[in-house]
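Chemist: Submitted below is the structure of interest, expressed as structure tokens.
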Amino acid sequence: MTAPESGTAAPPVRPVRRHGPADPVKILMHRHRSLCEEAVDPLEIAAGLEAHGVTDRAAARFRHRDVFSLAEELYARVPRADGPECRTPEEPADAAEADPEPPDPAPAPRSRTARGAVQLLPGAIGLSTVAAHVSVLAPTPRLLAAVDAAGLLLTVLALRLALRHGPLRLRRGPGSRTAATAAFWTVAYAVLGDWLLAQLRSGGPDVPGPLPRAAVATAVALACALAPAAGCAHWFARRARHRVAASRALAELASRVRPLLVAATLLFLGAAAALAAGAHVLLGRTGSPGGRWAVPAAAALAVLLFLARLLAVHGFPAAAAAGLGSAAALEAVALALVLTARLPGWARLGAPVEALVGAAGPAAVPAVACTAAALGLLVHGLRALTGACANLPVPPRREGRTGDDATHRHAPLDPA
């Protein structure tokens, strides 16, 4: 006997409740609407999501296999502010429809030559200053000091110009001032630190006393190393952006970018070591008071500055400041230990520095400090510089923005 025949009604069928929203992607659409509206391609949305902590595992909760596919859906569903209706008044409607994404015009050969010459300018001025110092016909202390001061000023101005208009240009951000201070200390120690350490070990420096003996070869090598640093940074950025476009998952992207970072670092290390060795051979007596470790110390400092600048350019200025600050702190501690060892009963504190300097020379201190800091930055870079947010392609329409805002607008704050 069925239920109607028995007079009892069948219980109503209750709809099955699904846990969670029916369209979970809407949550991200509302949360990151400004990011989706201003994006010019799905890669920019993927970089922004990664910067906000959305990983491939988190994308699975939104019913997507990875961050890239989730970004593609957001890009397709959210209307963008820079659509065809937002063309500039100077651009005709038919031109916008015929060529919605005009290709980036190639720079003229003169502009390319000028950009390359800007990167070579600091090294050229440094070599010219040394040549002018040696070729003074009637050398007097005041005249030599004037030549050196003018050459130093021109080198600093050329260095500032190269860092503002080349692949190593950097916008102001968190930690940039700290990184600049630490970089100034490490460079100053590379030029004058070996002489100062030798003076401290011998009981000095005496005031008044002899003039400081600068490591001219190290200074010239660092100035000349700016050109290969810019070239390696440009090569890494361009190849990494191509890897972002070809990858479909964050793990795949990281596995493709890590070899590029290692290759760029090794390539620059070879160039910096060759320049340091050539500068010490060329300058001879005016080279460095640091001993046989002067060339490795100069190469280690150059690699440290390169990795720090690369991290800062790609949106991690705090990590760059931490790496440079650690090297500067180690060098300052070495000087402080030598001074503290002069106090009665504290002689043992200076034993490690005395042993290191006695075995390898004064330049061993910056060599060890800069090598340790550079290795730390390289390990951090293998994790930080392998994400989509660190290698976001620059769209042609946004290259005219001031600074690097178009490149790093969604760059994450460094956890360090």
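Chemist: Assuming a ≥ b ≥ c are the square roots of the Cα gyration tensor eigenvalues, decide whether the range 194-246 counts as rounded (a/c under 1.5), prolate (otherwise, with a/b larger than b/c) or oblate.
Modeler: Here the range 194-246 falls in the prolate category.
Chemist: If I model a spin label as a point 7 Å beyond the Cα along the Cα-Cβ vector, how far apart are those points for Leu120 and Leu144 in nm?
Modeler: The two pseudo-label positions are separated by 3.1 nm.
Chemist: A further question on this structure: Roughly how many Å is it from the Cα centre of the range 345-389 to that of the range 122-149, as a whole number?
Modeler: 33 Å
Chemist: Here is a follow-up. Measuring from label point to label point, each 7 Å out along Cα→Cβ, what is the Leu152 to Ala359 span in nm?
Modeler: Here the modelled spin labels are 3.4 nm apart.
Chemist: Using r as the Cβ-Cβ distance of Val379 and Ser135, and R0 as 41 Å, what FRET efficiency do you calculate, to the nearest 0.05?
Modeler: 0.35
Chemist: Let me cross-check Ser135: its accessible surface, 1.4 Å probe, with only protein heavy atoms counted, in Å² to the nearest 10?
Modeler: The accessible area comes out at roughly 80 Å².
Chemist: Moving to a separate point now. Which ³J(HN,Hα) values in Hz, rounded to whole numbers, follow from the phi angles of the range 341-351 under the Karplus curve 6.51 cos²θ - 1.76 cosθ + 1.60, where θ = phi - 60° and Gly and Pro get x?
Modeler: Residue by residue, the range 341-351 yields 5, 6, 5, x, x, 10, 5, 5, 5, x, 4 Hz.
Chemist: Here's another thing I want to ask about it. If each residue of separation counts as 0.36 nm, what is the full-extension length gain between Glu252 and Ser34 once their alpha-carbon separation is subtracted?
Modeler: 75.7 nm
The values are calculated or read from the model by the stated rules, or taken from the named source; none is laboratory data. These numbers were taken from a predicted model, which means no experiment stands behind them. Positions of Cβ are generated from backbone atoms using ideal geometry, with glycine treated the same way; all protein chains shown enter the neighbour counts. The area values use the complete protein model at the heavy-atom level, side chains included, leaving out ligands, DNA and RNA. Shrake-Rupley method; radii C 1.70, N 1.55, O 1.52, S 1.80 Å.
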